[in-house]
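Asks: Take this structure, written in structure tokens, and hold onto it; I'll ask about it next.
Please treat every number below as a calculation from the coordinates, not as lab data. Since the model is a prediction, treat every value here as computed from it, not as a measurement. For neighbour counting, all protein chains shown are included, and Cβ atoms are generated from backbone atoms with ideal geometry for every residue, glycine included.
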Amino acid sequence: MKIATYNVNSVNARLPNILKWLEKQKPDVVLLQEIKCEFNDFPFLEIQSLGYNIKVLGQKSYNGVAVLSRYKLKLIAENLPDFPDEQARYLEVEVSAEGENYRVASVYLPNGNPPYNNPDDDSRYKYKLNWMAALYKRAEYLLTLHNPVILGGDFNVILESDDVYNPEEYRNNALFRPEVRKRLWALQHIGYYDAFRVLHNSKIGYTFWDYAGGALHNDLGMRIDYLFLSAKAADKLISCEVDKLPRQSDKPSDHTALIAELR
């Protein structure tokens, strides 16, 4: 099973790129973030024509997550359970593949940085920390089900200094602050595995490059998109690679796809 996570930065604006990428890579399961549209505006017809079942949690103009699957899909949760949220950031499904039921979630974790016009406003950072606490609680519960679990998406966290081109520039950024990194490491402490790092201990695996300043050309990127696997899913892991081609296409998202293959 080939599973990918991809922050598309508007599914409709990037649709030609997404369709071309789906036809080329043929992933079995795709976790999308920042679809930036409501349910009724999602391009169901075009994507279904490529053989995908689809579940969507949309929001007008912002956020939004979706799951595409060549296998049978069952909706489990829209938004994190027991965490009231007006923003569409978490979609959990059950994927039935080859006699195994996987719990899979598309995750779009909050950025957490303050508005440009009010740098002293810490409300977004507090929201991020609370959201991560709710995610931890849900991730902990999912391990009790004894199914393979995959949590994938844009986590808006730089885990290590090697995961960003210039760590000093991000010391006070909400993507790299110690409290945030600690909360994401906590997922690994309870039994989740960072699929890319399982196979690539020190390899650069940037998944995001800003549009400005020649960031892509100069490889000034960061690794903020992840596939976290429970032990039962990690035991099936064959490969995990960054696919840079979507970021190199015309009118791309500022993210690119991360793809893992499981037995």
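Asks: Pull out the extension gain between Tyr165 and Ala133, defined as 0.36 nm times the separation in residues minus the alpha carbon to alpha carbon distance; nm, one decimal.
Replies: Contour length minus Cα-Cα distance gives 8.7 nm.
Asks: Give the Rg/Rh ratio for the range 102-167, taking Rg as the radius of gyration of the Cα atoms and Rh as the Kirkwood radius, to two decimals.
Replies: 1.07
Asks: DSSP loop (so not H, G, I, E, B), at most 11 other Cβ within 10 Å: list which GluC sites (Glu not before Pro) in the range 11-97 pass both filters.
Replies: Taking the range 11-97 and a limit of 11 other Cβ atoms within 10 Å, the loop GluC sites (Glu not before Pro) found are Glu86.
Asks: Could you check the spin-label model distance between His217 and Ala231? Points 7 Å from the Cα along Cα→Cβ, value in nm.
Replies: Simple spin-label model gives 4.9 nm for this pair.
Asks: Also: Using 0.36 nm per residue, how much length does the chain from Asp41 to Leu19 gain when fully extended, once their Cα-Cα distance is taken away?
Replies: Taking 0.36 nm per residue and subtracting the Cα distance, the gain is 6.3 nm.
Asks: Add -39500 (n - 2.57) for each DSSP H run of 4 or more in the chain, then divide by its residues: what number comes out at 222 nm, to the nearest 500 deg cm²/dmol?
Replies: Taking each H run of at least 4 residues, the total per residue is -6500 deg cm²/dmol.
Asks: Continuing with this model, one more query. Among the trypsin sites (Lys or Arg not before Pro) in the range 109-209, which ones are in a DSSP loop with at most 16 other Cβ atoms within 10 Å of the Cβ? Mind listing them?
Replies: Within the range 109-209, the qualifying trypsin sites (Lys or Arg not before Pro) (loop, at most 16 other Cβ atoms within 10 Å) are Arg171, Lys203.
Asks: Another question, if that's okay. With +1 on each Lys and Arg Cβ and -1 on each Asp and Glu Cβ, and nothing else charged, work out how big the dipole of the range 2-262 is about its Cα centre, in Debye to the nearest 20.
Replies: With Lys and Arg at +1 and Asp and Glu at -1, about 360 debye.
Asks: DSSP loop GluC sites (Glu not before Pro) in the range 135-217 with at most 11 other Cβ atoms within 10 Å of their Cβ, which ones?
Replies: none
Asks: What is the fewest-to-most order of Tyr6, Tyr165 by other Cβ atoms lying within 10 Å of their Cβ?
Replies: Fewest to most other Cβ atoms nearby, the residues stand as Tyr165, Tyr6.
Asks: Taking K and R as +1 and D and E as -1, what net charge do the other residues with C-beta under 12 Å from the C-beta of Leu187 add up to?
Replies: My count for the surroundings of Leu187 gives +3.
Asks: What is the extension gain from Leu143 to Gln87, computed as 0.36 nm multiplied by their sequence separation minus the C-alpha to C-alpha distance, in nm to one decimal?
Replies: 17.6 nm
Asks: Separate question: Can you sort Thr256, Thr5, Thr144 from fewest to most other Cβ atoms within 10 Å of each residue's own Cβ?
Replies: Ascending Cβ contact count within 10 Å gives the list Thr144, Thr256, Thr5.
Asks: With 21 Å as the limit, write out which pairs from Lys24/Lys251; Lys20/Lys251; Lys20/Lys72 have Cα-Cα distances beyond it, or answer none.
Replies: Going by Cα-Cα distance, Lys20/Lys72 fall outside the 21 Å limit.
Asks: Summing Lys, Arg as +1 and Asp, Glu as -1, what charge do residues with Cβ under 12 Å from the Cβ of Met1 carry, Met1 excluded?
Replies: For residues surrounding Met1, the net value is +1.
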